[in-house]
Amino acid sequence: MTRLFVDADACPVKEEAGRVSARHGVRMYVVSNGGIRPMTSPLVEMVYVADGPDEADKWIAAQCGAGDVVVTGDIPLAAKAVAAGAVVVKHNGEVLTDRNIGNALATRDLMADLRSADPFRQGGGRPFSKADRSRFLEVLERVIRQAKG
């Protein structure tokens with residue numbers, strides 16, 4: 001049975017994931033350290049983990065498996081989820097699988113090294129856009145359909 005896990009802290013697409021979950025009758029776990037407005041769907045379970053770094057990531061990594069879908073922008077969590085057999089969808093609609101997670105990890109590490117080497121280097125990624133939100137919805141819809149078989 002396909003489940004949907006959402007790494008909810010700083011996730012801009014929780015509502016969209018909830019709509020896809022409801023449309024397909026898929027159980028959704030919204031995992032955070034707290035401070036997230038509860039969702040009212042009976043298919044949604046709010047999971048509050050202890051405060052601390054990566055507690056939500058640890059919970060999701062321990063629970064997800066083959067046939068599940070994980071929504072996260074956290075690349076190390078994505079790698080663990082992919083290793084467990086889940087499909088990962090980033091907030092912008094990018095899908096991470098066993099074919100591309102190694103490259104995503106390498107890029108993350110390279111960027112961290114560049115930032116630490118140049119303390120004046122500012123900025124991050126581009127802002128989250130309506131196009132990103134739309135792409136996420138389209139991709140999550142497709143991935144959930146595929147996961148359900």
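The values are calculated or read from the model by the stated rules, or taken from the named source; none is laboratory data. Just so you know, these numbers come straight off a predicted model, no measurement behind them. Methodologically, a virtual Cβ is constructed for each residue, glycine included, from the backbone with ideal geometry; neighbour enumeration extends over all protein chains shown.
Some notes on this structure:
- Residue in the range 10-34 that is nearest to the chain's Cα centre (by Cα), counting only those that are free of Cβ contacts under 8 Å to residues at least 24 places away in the same chain and assigned to a loop (DSSP other than H, G, I, E, B): 34
- Residue that is modelled with the highest pLDDT, among those in the range 44-58 that are surrounded by fewer than 17 Cβ atoms within 10 Å (Cβ to Cβ) and assigned to a loop (DSSP other than H, G, I, E, B): 50
- The set of residues in the range 76-97 being part of a loop (DSSP other than H, G, I, E, B) and surrounded by fewer than 18 Cβ atoms within 10 Å (Cβ to Cβ) consists of 84, 85, 94, 97.
- Condition met for residue 61 (at pLDDT 95 or above, closer than 25 Å to residue 145 by Cα and buried (at least 19 other Cβ atoms within 10 Å of the Cβ)): yes
- When residues of the range 35-58 are limited to those that are touching a strand residue (DSSP E or B) at 6+ places or on another chain (Cβ under 8 Å) and either among the polar types (S, T, N, Q) or without any contact (Cβ under 8 Å) to a residue 12 or more places away in the chain (or both), the one nearest to residue 149 (Cα to Cα): 41
- Lone unmet requirement of (1) exposed (fewer than 13 other Cβ atoms within 10 Å of the Cβ); (2) in contact with a His (Cβ under 7 Å, 6 or more places away or on another chain) for residue 73: (1)
- Considering the range 1-43, the residues that are among the acidic types (Asp, Glu) and out of contact with any Leu (no Cβ under 9 Å at 6 or more places or on another chain) include one that is surrounded by the most Cβ atoms within 10 Å (Cβ to Cβ), namely 9.
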